[in-house]
Amino acid sequence: MSYDVIVIGSGPGGYVAAIRCAQLGLKTACVEGRETLGGTCLNVGCIPSKALLHASHQLHEAQHNFSKMGLKSEKISVDWDQMQTYKNEVITGNTKGIEFLFKKNKIDWIKGWAKIPSQGNVKVNDKTYETKNIIIASGSEPSSLPGLEIDEKIIVSSTGALELKKIPEKMVIIGAGVIGLELGSVYSRLGSDVTVLEYLDNITPGLDSEVQKSFQHILKRQGIKFVMGAAVKSAICKKNKAHVLYQKNSDESEHSIEADIVLVATGRKPFTNGLGIKELGIAVSEKGYIEIDNGWKTSANGIYAIGDAVLGPMLAHKAEDEGIAAAEIIAGKHGHVNYSIIPGVIYTSPEVASVGKTEDELKSSKQNYKVGKFMFLGNGRAKANFAADGFVKILADAETDRILGAHIIGPAAGDLIHELCMAMEFGAAAQDIALTCHAHPTYSEAIREAALACGDGPIHA
Ligand code: NAD
């Protein structure tokens, strides 16, 4: 068999690249070793975690807000097995959807783990396929800590945390990044006593520091405990319990905390095992990222790499955009990704979303900027929906009014952020948003109010 393109990996980067290649008339195959298509995101990442976040959010609403709205029912309880069934059905629905799209676009799914024995060849099991181009979209895997062995039973990665046998009484989470806080929110709402141990003094590294502070304050109010400046050294399991040892950065004192489940959420690393990239002489960074040029080409002819396997934010949508761009370049068109306008979203409740520069970055680059901020407390829709925590913050150039960054903590922040992404793509000024009619009553009005706050001032504050 010979192809124009073989994509290795069927996560959001790989399957999207394969579909675009096929749409552009290239004979395409995609190699996937898992039982189902969709990669980490659909099988053990974004999608199943969103199902559990949704279910546990509904529980929170029923427990805290239903009676306020005059909705009465028997005391609500959790059927964990059914919640797992719901989550698994969501996964299956999505992975089958990719299978359908592959068939529709005449993409061959080669089942198995790929190796690249030489340029222009991909070996899967005992069969070698010829191809003009290869796109490596092999993704990432959880990175653990020395002194900690993930057994996916008591000491788990995000994968194990999505399919625990029961809801733990006491859960310790190592790392206050996106994974730790999303899954911490799930189990905290389901009744677990959740403690997060974080090495740094702030949660969610890289986020605007005002958002970090407000976010941590809200999560604490929701019942999540934080130990900041805590360097986790090791964890030992004894009689179905884990004992996590950590050192406080401030005074180097040693502490221990017991848990039924320990979630290790200290980051992810590129997954390129077994591909044979070193033997091919493909350049790889010290941390294992495949090195690429501006056209997603590796140092080997005809071999491209995208997604978590290359440097940049480990986000499904970044991988998708790179997949489309690489496909277009292979087809002789122009592929492009605007790395300065990639939104980041944390799907807690409230959600957190950001795009562009943080205020901290603007300060340190000595850029002349202004801030327009609006609290959801002044938004009628948010108040009606018990969702008035948080704010919209727009950062604009002090002279030109051009939007440089935007940060939202609040209801539907992950959807709202795209109005600002679009505005930035068009080089809009804050005033352009302020002059745009926004429907009432919507959460979006908070964006317009923040834009007004960059100029003559918001109406509802
Ligand atoms: P992360 O890098 O976001 O956070 C890891 C945290 O662990 C950091 O705050 C770090 O300081 C802390 N840490 C590291 N070593 C420690 C130690 N010894 N003791 C205490 N704390 C320690 O990593 P993550 O949350 O595991 O996520 C991995 C990747 O997956 C990220 O790139 C993330 O963007 C991506 N992801 C994104 C989403 C989303 O977009 N909603 C969801 C899940 C994962």
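If you take the residues in segment 299-315 that are small (G, A, S) and surrounded by 22 or more Cβ atoms within 10 Å (Cβ to Cβ), which one is farthest from the ligand (Cβ to nearest atom)?
From segment 299-315, those small (G, A, S) are 299-300, 302, 305, 307, 309, 312; that's our starting set.
Right, trim to surrounded by 22 or more Cβ atoms within 10 Å (Cβ to Cβ) and you get 305, 307, 309.
Numbers: A305: 17, G307: 12, A309: 13 Å.
Top of the filtered list is A305.
Going by the structure shown, is E141 part of a strand (DSSP E or B) and within 16 Å of the ligand (Cβ to nearest atom)?
On the way: part of a strand (DSSP E or B): yes; within 16 Å of the ligand (Cβ to nearest atom): yes.
So E141 fits the description; yes.
Please tell me if K278 is open to solvent by 50 Å² or more (accessible area, probe 1.4 Å) and part of a strand (DSSP E or B).
Working: open to solvent by 50 Å² or more (accessible area, probe 1.4 Å): yes; part of a strand (DSSP E or B): no.
So K278 fails the test.
Can you tell which of T95, T85 is open to solvent by less than 10 Å² (accessible area, probe 1.4 Å), over 23 Å from P411 (Cα atoms) and out of contact with any strand residue (DSSP E or B) (no Cβ under 9 Å at 6 or more places or on another chain)? It would help to see each step written out before you state the result.
Numbers: T85 fails: open to solvent by less than 10 Å² (accessible area, probe 1.4 Å).
Within the list T95, T85, the selection yields T95.
Yes or no: N121 open to solvent by 50 Å² or more (accessible area, probe 1.4 Å) and more than 16 Å from the ligand (Cβ to nearest atom)?
Values: open to solvent by 50 Å² or more (accessible area, probe 1.4 Å): no; more than 16 Å from the ligand (Cβ to nearest atom): yes.
When the stated conditions are applied, N121 does not pass them.
Taking segment 247-275, which residues are part of a strand (DSSP E or B), over 30 Å from G332 (Cβ atoms) and touching a residue at least 40 places away in the same chain (Cβ under 8 Å)? Step through it out loud before you land on a result.
Pass one, segment 247-275, residues part of a strand (DSSP E or B): 247-248, 254-259, 261-264, 268-270.
Narrowing further to those that are over 30 Å from G332 (Cβ atoms): 247-248, 254-259, 261-264, 268-269.
I257, E258, A259, I261, V262, L263, V264, R268, K269, listed by residue number.
Out of (1) more than 30 Å from G120 (Cβ to Cβ); (2) in contact with a Leu (Cβ under 8 Å, 6 or more places away or on another chain); (3) not in a loop (DSSP other than H, G, I, E, B), the odd one out for Y15 is which?
Result: Y15 passes all but (1).
Search segment 317-326 for residues being among the small types (G, A, S) and closer than 16 Å to S340 by Cα, and hand back the single one that is surrounded by the most Cβ atoms within 10 Å (Cβ to Cβ). Show your work before the answer.
Of the residues in segment 317-326, the ones among the small types (G, A, S) are 319, 323, 325-326.
Then keep just the ones that are closer than 16 Å to S340 by Cα; that gives 319, 325.
On the way: A319: 30, A325: 22.
Per the criteria, the residue is A319.
Here's a check for you: in segment 368-416, which residue that is polar (S, T, N, Q) and more than 23 Å from Y339 (Cα to Cα) is nearest to the chain's Cα centre (by Cα)? So that I can check it myself, show each step before the final result.
Keep residues of segment 368-416 that are polar (S, T, N, Q), which gives 368, 379, 385, 400.
Filter once more, keeping what is more than 23 Å from Y339 (Cα to Cα): 379, 385.
Details: N379: 27, N385: 26 Å.
Only one residue fits best here, namely N385.
The values are calculated or read from the model by the stated rules, or taken from the named source; none is laboratory data. The model shown is predicted, which means the values in this text are computed figures rather than measured ones. Don't worry about glycine lacking a Cβ; one is built from the backbone with ideal geometry, like all the others, and counts go over all protein chains shown. Quick note on the areas: whole protein, heavy atoms, side chains included, nothing else; ligands and nucleic acids left out. Shrake-Rupley method; radii C 1.70, N 1.55, O 1.52, S 1.80 Å.
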